[in-house]
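Quick notes on the structure that follows.
A short reminder: the numbers here are calculations on the coordinates, not readings from a lab. Only a predicted model underlies this, so the values are computations on that prediction, with no experimental measurement involved. Virtual Cβ from ideal backbone geometry, glycine too; neighbours counted across all protein chains shown.
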Amino acid sequence: MDFPEINKRLLVELEEMGFPLARAIKALHYSGNSSLLDALNWLVDHEDDPDMDQMPSVPVRIEIEGSESCSISEEVKLKAQKLRIKARKKNKEEDMKFEPRREKERIRSGKELQEAKRIREENERKRLLALREVEKEEDDKAREKIRQKLHQDKAERREGNRIGLTPQNHASLKTTISIPMVEENKMLHVNSTTKVDVDLIRDCLRSLKHDNKDNEIKVKRAFETLLIYVRNVARNPDEDKFRKIRLSNPAFKERVGIFKQGVKFLELCGFERVEGGEYLTLRRSRVNMAVLKSAGNELQSAITNPYYGLLSTEK
């Protein structure tokens, strides 16, 4: 099948005049590639064709090269200019005709986007509310457990007082049950004049937690470090290295020394400042397993209980 051929030189000239490629190809094809003027005349005659700006439905081969150059006359230039002005005017009218429809489409799209956004925000709000409800239920359960534990502790203290035990001795009585037995020749000597109130240890830890409630990570790390010190002494009471702490040690300063209650806790466990306050030392004669066990239990509770030190308790 033979396809219509287009004069490439004439096509270039029409495009240089500002005519779209589709119009230039149609004009040359239907004018028989005879001349630039014939192509322009065809464009004038078919300016209002509805498919004027559509590419031809049949393939076009642009191969013909003119052998002679064609000078463009003033008449041709004037006609081309008129066609361009008319084409621009028509395009502008088309734009104005369809502008209301496009504006309606933009408004509709905007409303759809706003509605989709509103639905997403509403779903997110419902999800957050449901999450808060679950968290609130969990918090209420945890608080209830804490209240029950506090009431139980209070009842036990009252029972201890009823049978003639002081609160600190009662706490010691509870904790000494699980203290490992040691050989008779290694029994710990407790200075009877040193009365360490376990309640003071508890209050010290609660104060540390309450005063630094905005820095939970460092507080928990301090509790964990103190628990290591207490356990090391309780398990190895004869080891001097576990009963002596250098206050200027970087690890100690970073984990415990930054809290005044951390050092106070160790002092309540029996440690004393020695050598000009450079060291904390727990003398062998001051090691009290009951106190260490109670201190360890309090530390364990402080680590695992998220509300430790944050709820007021009755005394």
Fill in: Charge dipole (debye, nearest 20) of the stretch 180-304; +1 at Cβ of Lys and Arg, -1 at Cβ of Asp and Glu
200
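Just add up the charged neighbours of residue 279: K/R +1, D/E -1, any other residue whose Cβ is under 11 Å from the Cβ of residue 279.
Counting the neighbours of residue 279, the net charge comes to +1.
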Practice prompt. Take the cross-link list 89/111; 149/213; 220/264; 264/293 and give me the ones stretching past 27 Å between alpha-carbons.
Written response: 89/111
Response to the item:
The long-range amide H neighbours of residue 6, using H built 1.01 Å from N in the peptide plane and a cut-off of under 5 Å, are 61, 62, 63, 64
